[in-house]
Amino acid sequence: MVARLRCAMVCSSNQNRSMEAHALLKRHGFDVSSYGTGAHVKLPGPSLREPNVYDFGTPYKYMHEDLRRKDVDLYKRNGILPMLKRNLGVKNAPQRWQDNAADGFFDVVMTFEEKVFDIVIEDLNNREQRLTRSILVINLEVKDNHEEAAAGAKLALDLCQEIDAAGCWEDEIDDIVSKFERQHKQKVLYTIAFY
Amino acid sequence: MVAMVAASWGERADGLLQSARAACEVSSKLKQLRQLKEVLLNRDTSLLAEFVTRLAELQSERASPIRKFLAEMIGDIGSKHTDVLHEMLPCLISFLEDETPAVARQAITTGTALFGHVLEKLVIQGLYSNDIDVSLKSSWTWMLQFKTTVVHTAFQSGSDGVRLLAVKFVETLVLLYTPDPYISSDPPQESDFDVGFNISWLRVGHALLNVGELAVEASQSLGLLLDQLRFPQVKTLSNSMVIVLIKSLSAIAVKRPSFYGRILPILLGLDPAISVVSAQVPGSHHALKNAFIACLKCTHSSAEPWRARLTEALKAIDTGESIDQATKKNYREFSISTQNSLPGKGDNSSMHTCDEPSSDLANKRLNAEVSNDLLHDDVTSSKRIRLSSDMEQDLPEESSKLSADQVEDKLPLVDSVPNKDKSPGPVQQLVAMFGALVSQGEKAAGSLDILTASISSDLLAEVVISNMQHLPPICPSMDKEGSSSSKMVYSSVLPTVQLPSLVSDIRSLSSLNPLLASLLVPPSLSCDVDLQKNHQNDDEEMTDRTQTTLVDGSATIAPSFPASVLPLPHVAEHGHSAVSSIVNSEMDERKIPGVDSTNSSDEIQESHDASHSSIPELIETSQDLITGAQSTGVINPDTCQATSTSSIATSFQYVLPKMIIMDANLTDESKDQLQKEAFIRVLDAYKQAAGSGDSITRRSLLAHLGMEFPLELDPWGLLQKHIVSDYLEHEGHELTLHILYRLHRETEQDQDFLSSRTAVSIYETFLLTVAESIRDNFPATDKSLSRLLVEVPYLSEGVLKLLEGLCSPDRIEKHDKDFQSGDRVTQGLSAVWNLILLRPSSRARCLLVALQSTVHPTEEVRMKATRLVANKLFSMSSISQKIEDFAREKLHSVIEDVPVMVHMEDEELSSELQEEAGVRKKSNEGLKSDSGVMSTTQLDQSVMSSLTMEAQRCMSLYFALCTKKRSLLREIFVIYKSISKAAKEAVRLQIPILVRTIGSSSELLRIISDPPVGSENLLMQVLHTLTDGIVPSQELISSVKKLYHSRTKDVEILIPVLPFLLKDEILPTFPQLVNLPREKFEDALSRVLKGSPKTGPCLTPAEVLIAIHLIDPEKDGIPLKQITDACTACFKQHNIFTQQVLAKVLNQLVEQIPLPMLFMRTVIQAVATFPSLMDFVMEILSRLINKQIWKYPKLWVGFLKCAIQMKPQSFSVLLQLPAAQLENALKKNPVLKPPLVEHANQPNIRSTLPRSTLVVLGLVQDSQASSQAQTSQSQAADTGSSNADAATEVTQESTAISSGLQGGD
């Protein structure tokens, strides 16, 4: 296989949905990164209004230790610890989309929430466009829970494989998307931005 | 050394190129080329000149990745070394036509970058000298050719991938060729190239480039882009093209606001076109939305006229969040800048700065602020009249305190108004022109359009402003509440037109002309509803413009009066004291210190709501306005401070006042403390809230605060405590519901999954706590719990467990509060019942709770639950099947489980016992007790009874259901044979109740007539129950009869109905009856004799006895013993089988032919029982002689026995026997002879006896005796012959008789 697409998976905290997809695409040999668009990494805390807030760049391992120390039962029960464990096997720490300029250029960005999609687009628009290099931004609505994230990751993989298989996605994206929508009965929002 | 290195790099590069050409593998070629590029760019740039041409030869390479790489390489080299660029550009241009899209795309990408690069270089070089490099010139020529090709590609159909980039190139082109308003138009100093690039630098002159020409070309290119999105064309584009075009155009619009007027009409026009197909193209729809939002965010002045339409279009796209966000963010800027197009004073030069693209942003903002203030002054000046006149009246002294410079600052501005009034210049003429046109109505729309388009926006604004003086004294009636404010403005623009119909005409005109609309609509937005109100409330005061000028000065003074003084007179006048005091007190409480009041106006006649809504806005704007005010020196901070509260109270009109909230630095702890205290205050305010009818608000507030507060403040705990402490008084029910629904909403909202999970856990804990406290604090009769559970959003498992606990209390608990638990069960069950009725979703689960309760070990609980389930729930069709299944399963569990349980419990108990014994042994070492033995028997009993209990526990529901659904009955009969003894006992205990309840229903009758195998005992019991004290129905009787005849032949089954059978029906069954065990026969006997209450006895005792006697042991197959036993049983009942009865029986029996076998036995027994019957019996005996009893050998034996027993009375009967029989008798029973001889020898008897008898007795001896003997012998021979037949029988008989006699004794 000739150089594959560079993909980025983006959700708000770079914990659940994007990491699920990241892990899956990575397993399938994609050159993939993942990001969050939020201001901080937020993980649920003991109450509704007390999330555990970390800065982007805080290693997953640290969060894991931290939460385990705080309330091992709670976080095991709600799936946070297993999730963090999965994440630390994928990469070191959550990364923020807005600060990823140094990571190079992506061909496809997959977001899992329209809000995130909008943030990514706006961010791309705000960056200086010098390269005339197109970037495909796709939004796939996925609810932020473990089950949906797993299902969403499969869809993301599917879509990325389709796009990768196309020689020139710009020519085929409409077909790919409409086929995908038909097949999975899910609406996909996409746009094209430029570096 | 250097030369050597250079040479070696040259060789190296040469080698790389050679091997790249020679290599077969694409990847290795690429590798070589990469190295070559590295060498050329970083190692020895001098080699470039030599290599560029050689590299260009690679364009004929067949592998597309190589060509693509080459295109990329051209970019890398060209951007650094423009001097060699022109040699490579032809190659790049040729790539544009490459068959592989990827190569063409790379070519465009590279070319786009190079184009900008070259242009920039060219411009800068040209700026400072007229001498331009030849290579640069040549490059530029090639670049222009490149441009032509790419632009051509962009608008031709072809590969979308290529076109997208081509469009992007056109976008870049347009941007490069047009002046950038955000970058200084003055060329930078040579040293400073980092500021970006602006084509307007060319204005100073350039050898090759002409800024005007470039602008024209940019405009044309833009036109081409726009054409793509025009209606028929747009349909042929792919989705991605549409998206990219929209994005490109919006980018151009935002970066070059001067193009707004060209781009936005297309984009806005696109909306309906796209919405036709929007279902298929959410992407382009979304892109359009983003484009609009981006355009809306643009702060440039050229963008402003479009805001209204953009907002509208966004609303149309989705009325959702995006519009709100965008408008909220920009609302202030928006309102300010829209007012810019409505400048207040013609002579205010600052207004025009807005149109200058080069104007500094901050500067512009300031100007906007100033003009804003001015505008407000103008618009509200009429208002000021009244206030200031009030002021003058009420506050004569204080007015002098106003600072002098403030007045000075203000006055010139105010003065400008009358100045303008006086000038009859072009503005007035235009006003007149507008008036004339508008009065022509619709047909003048075109002209109006042209007119507005032809005059500058500034002039137009002037017209609008100056026309305000002509506002009618009385507003058109339609401008009441709810009329659109744009009408308002129109009517003020056009004083001559006052007819509402025309006003609406104008409104329609406004839609034709977006510019006019944008000019006229914005004030309505910025001024809010207040403008209208102003007009409505103060019509009279709007009359004369000149008046305004008179008092304008004093109006600005007003705000500087002490707070308390200023608002009050005015407020009182308008009767809105409540409003102002609220505002005042609010402000006081918040301690907001500084509020600017430069342009404060005076209106207080605000509605309560309006004042509230405006407050946040006030706060928001205050900061900016203050800075503005301070920098212009209009007001000094001290005055701000002094007038703070008053101005707030007075200025929450559309003229936005400002205030500053001082930052209070609180520690986290004190913040928490404050929050908590506030929360508790709200919590404790239930009395006030209830009194004022604000309970609902309070509840919502509490629920919401609970949600917002961090958990460590424990709002839920506080709420719980509050609710629980006095559930009724604290509106516990309502509050709990409110909170639970709020929490529920949180869980249902599409939030991140964990916070919703947290909400779930709070919900569940909360509900459970409240439910538990209700349970523990309220009497069992209270309905609160039930009501709460019925109304909560959903039932959690914890609460269901609580219900389960109520409905099925533990045994231990039962011991504790035996009395109460019963009521608790009722409470729980009634709650469950309500839930089943009212919560279909929880029905199954609640049903389970109820059903579990029906098999509760405690009978009381079970009974209650069973009553509920059977009487109430079972009738609900939706759940009846479930109930039935459950009951059946439990019923069947008796079959399967019980044997196992016997075993288990045995073990369990015995082990317990052993333990116990062990303990006992230890304690009483010396005592050797045999309690073990004793308890084993006790154990059996207790096991048995506990097993019965257990079976009963499982079955009671089913039994209860049977009463409701008769068809279930059969199941009991079916399983009966396979259930354990204990269970049978349980059934035996329960079935009478059941049977009595349902009576002899058809279902039962069906079972009776066709009972399942093995259910006979049960059936008997049922029959007994059915007939016990009741007259059974005819159907029942016939069913029983049918069963008897068709199936069982077991007469036992008939016993219960015997009394109700006819004599003819009973008599044939008698042999079977007799054959029954003794007790059953006796039972049957008594029933038969007793009969039914209606018809009386079925058989008389005599008939019974006769029937018994008529049984033929051989024929009926009944053992003789059974018959004799039956007789004996009868004889025992002296009171029934009386002397008379017996006499009657004997009388009848003696007439039977043949005589019943047991006749003689009965005779003997009868006499034995009733000796007084002796005479009667003698008579019978003599009748037997007449019947020649000796001819029946069996009876003859009995006869003789009887005679022997009844001597001496029987002697006379014996003597009646013919001589031969007498002799036979005496021979058989020699004991008889002496007493008989003695008896016969009595003279009076002897005389009556025939001679032959006397001969037999030996009293006479004569010749005749021989002849008599002969006869007797022949008779004896007869007897002998028959004797031979029945010899054995006789012996049998005699033994039977003797035993019967013994029994009789």
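The values are calculated or read from the model by the stated rules, or taken from the named source; none is laboratory data. Computed from a predicted model, the values in this text were never measured in an experiment. Note that each Cβ is placed from the backbone with ideal geometry, even for glycine, and that neighbours are counted across all protein chains shown.
Suppose the filter is within 12 Å of chain B (Cβ to nearest Cβ), touching a residue at least 40 places away in the same chain (Cβ under 8 Å), surrounded by fewer than 18 Cβ atoms within 10 Å (Cβ to Cβ) and within 30 Å of B:Val167 (Cα to Cα); does A:Glu128 pass it?
Details: within 12 Å of chain B (Cβ to nearest Cβ): yes; touching a residue at least 40 places away in the same chain (Cβ under 8 Å): no; surrounded by fewer than 18 Cβ atoms within 10 Å (Cβ to Cβ): yes; within 30 Å of B:Val167 (Cα to Cα): yes.
Taking the combined requirement at face value, the residue does not satisfy it.
Quick one: which residue in A:Tyr35, A:Tyr54, A:Tyr60 is without any contact (Cβ under 8 Å) to a residue 40 or more places away in the chain, away from chain B (no Cβ under 13 Å) and crowded, with 18+ Cβ neighbours inside 10 Å?
Numbers: A:Tyr35 fails: without any contact (Cβ under 8 Å) to a residue 40 or more places away in the chain; A:Tyr54 fails: without any contact (Cβ under 8 Å) to a residue 40 or more places away in the chain.
Every option except A:Tyr60 fails the conditions.
Just need a number here: residues in segment A:175-185 that are out of contact with any strand residue (DSSP E or B) (no Cβ under 7 Å at 6 or more places or on another chain) and more than 8 Å from chain B (Cβ to nearest Cβ). Steps first, answer last, please.
Taking segment A:175-185 first, the residues out of contact with any strand residue (DSSP E or B) (no Cβ under 7 Å at 6 or more places or on another chain) are A:175-176, A:178-179, A:182-185.
With more than 8 Å from chain B (Cβ to nearest Cβ) added as a condition, the list becomes A:175-176, A:179, A:182-185.
Adding up the residues that qualify gives 7.
Can we say B:Leu114 is within 14 Å of chain A (Cβ to nearest Cβ) and either at pLDDT 85 or above or part of a loop (DSSP other than H, G, I, E, B) (or both)? Give the steps one after another, and end with the answer.
Details: within 14 Å of chain A (Cβ to nearest Cβ): yes; either at pLDDT 85 or above or part of a loop (DSSP other than H, G, I, E, B) (or both): yes.
Yes; evaluated as a whole, the condition is true for this residue.
State the number of residues belonging to segment B:666-709 that are without any contact (Cβ under 8 Å) to a residue 12 or more places away in the chain and within 19 Å of B:Phe766 (Cβ to Cβ).
Total meeting the criteria: 1.
Could you check segment B:118-161 and list, in sequence order, the residues that are closer than 22 Å to A:Leu131 by Cα, among the hydroxyl-bearing types (Ser, Thr, Tyr) and within 14 Å of chain A (Cβ to nearest Cβ)?
Answer for segment B:118-161, where residues must be closer than 22 Å to A:Leu131 by Cα, among the hydroxyl-bearing types (Ser, Thr, Tyr) and within 14 Å of chain A (Cβ to nearest Cβ): B:Thr153, B:Ser159.
What single numbered condition from (1) part of a helix (DSSP H, G or I); (2) of a type in the set (A, V, I, L, M, F, W, C); (3) more than 10 Å from chain A (Cβ to nearest Cβ) fails to hold for B:Leu164?
(3)
Under the condition of being acidic (Asp, Glu) and surrounded by 12 or more Cβ atoms within 10 Å (Cβ to Cβ), which residue from segment B:196-233 is nearest to B:Ser250 (Cα to Cα)?
B:Asp227
Look through segment B:711-730, keep the residues that are more than 20 Å from B:His744 (Cβ to Cβ) and surrounded by fewer than 17 Cβ atoms within 10 Å (Cβ to Cβ), and return whichever of them is nearest to the other protein chains (Cβ to nearest Cβ).
Only one residue tops the list, namely B:Glu712.
With at pLDDT 85 or above, out of contact with any Cys (no Cβ under 7 Å at 6 or more places or on another chain), part of a loop (DSSP other than H, G, I, E, B) and more than 9 Å from chain B (Cβ to nearest Cβ) as the only criterion, which of A:Val142, A:Val109 stands out? Break it down stepwise before answering.
Working: A:Val109 fails: part of a loop (DSSP other than H, G, I, E, B).
Step by step, each of A:Val142, A:Val109 is checked, and only A:Val142 is at pLDDT 85 or above, out of contact with any Cys (no Cβ under 7 Å at 6 or more places or on another chain), part of a loop (DSSP other than H, G, I, E, B) and more than 9 Å from chain B (Cβ to nearest Cβ).
Which of the helices (runs of 4 or more DSSP H) found entirely inside segment B:202-270 contain at least 2 residues meeting this: without any contact (Cβ under 8 Å) to a residue 60 or more places away in the chain and within 14 Å of chain A (Cβ to nearest Cβ)?
Values: elements: B:211-228, B:231-236, B:239-255.
Helices (runs of 4 or more DSSP H) meeting the threshold: B:239-255.
Would you be able to say whether some residue in segment B:1222-1236 is modelled with pLDDT of 50 or more and farther than 19 Å from B:Ala1203 by Cα?
Of segment B:1222-1236, the ones modelled with pLDDT of 50 or more are B:1222-1236.
Now narrow it down to the ones that are farther than 19 Å from B:Ala1203 by Cα: none.
Taking every residue of segment B:1222-1236 in turn, none turns out to be modelled with pLDDT of 50 or more and farther than 19 Å from B:Ala1203 by Cα.
So, in segment B:75-111, of the ones that are aliphatic (A, V, I, L, M) and more than 14 Å from every other protein chain (Cβ to nearest Cβ), which residue ends up nearest to B:Leu40 (Cα to Cα)?
As a first pass, look at segment B:75-111 and keep what is aliphatic (A, V, I, L, M): B:77, B:84-85, B:88-89, B:92-93, B:96, B:102-104, B:107-108.
Checking the rest, the ones that are also more than 14 Å from every other protein chain (Cβ to nearest Cβ) come to B:77, B:84-85, B:88-89, B:93.
On the way: B:Ile77: 9, B:Val84: 12, B:Leu85: 14, B:Met88: 14, B:Leu89: 18, B:Ile93: 22 Å.
My answer is B:Ile77.
Of the residues in segment A:150-174, how many are within 9 Å of chain B (Cβ to nearest Cβ) and part of a helix (DSSP H, G or I)? Spell out how you get there, then give the answer.
Kept after step one, since they are within 9 Å of chain B (Cβ to nearest Cβ), are these residues of segment A:150-174: A:167-174.
Those still in the list that are part of a helix (DSSP H, G or I) too: A:169-174.
Looking only at that region, the number is 6.
Residues are listed down the side, and each one gets a yes or a no for (1) among the basic types (Lys, Arg); (2) at pLDDT 80 or above:
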| position | (1), (2) |
| --- | --- |
| B:Pro265 | no, yes |
| B:His285 | no, no |
| B:Ile293 | no, yes |
| B:Arg307 | yes, no |
| B:Gln325 | no, no |
| B:Thr338 | no, no |
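Exactly one condition in (1) in contact with a His (Cβ under 8 Å, 6 or more places away or on another chain); (2) on the phi > 0 side of the Ramachandran plot is not met by A:Met9; state its number.
A:Met9 satisfies all of (1) in contact with a His (Cβ under 8 Å, 6 or more places away or on another chain); (2) on the phi > 0 side of the Ramachandran plot except (2).
Residues being assigned to a helix (DSSP H, G or I) and surrounded by fewer than 16 Cβ atoms within 10 Å (Cβ to Cβ): count how many of those fall in segment B:15-42. Outline the logic, then answer.
Of segment B:15-42, the ones assigned to a helix (DSSP H, G or I) are B:15-22, B:26-42.
Right, trim to surrounded by fewer than 16 Cβ atoms within 10 Å (Cβ to Cβ) and you get B:15, B:18, B:21-22, B:27-28, B:31, B:34, B:38, B:42.
Result for segment B:15-42: 10.
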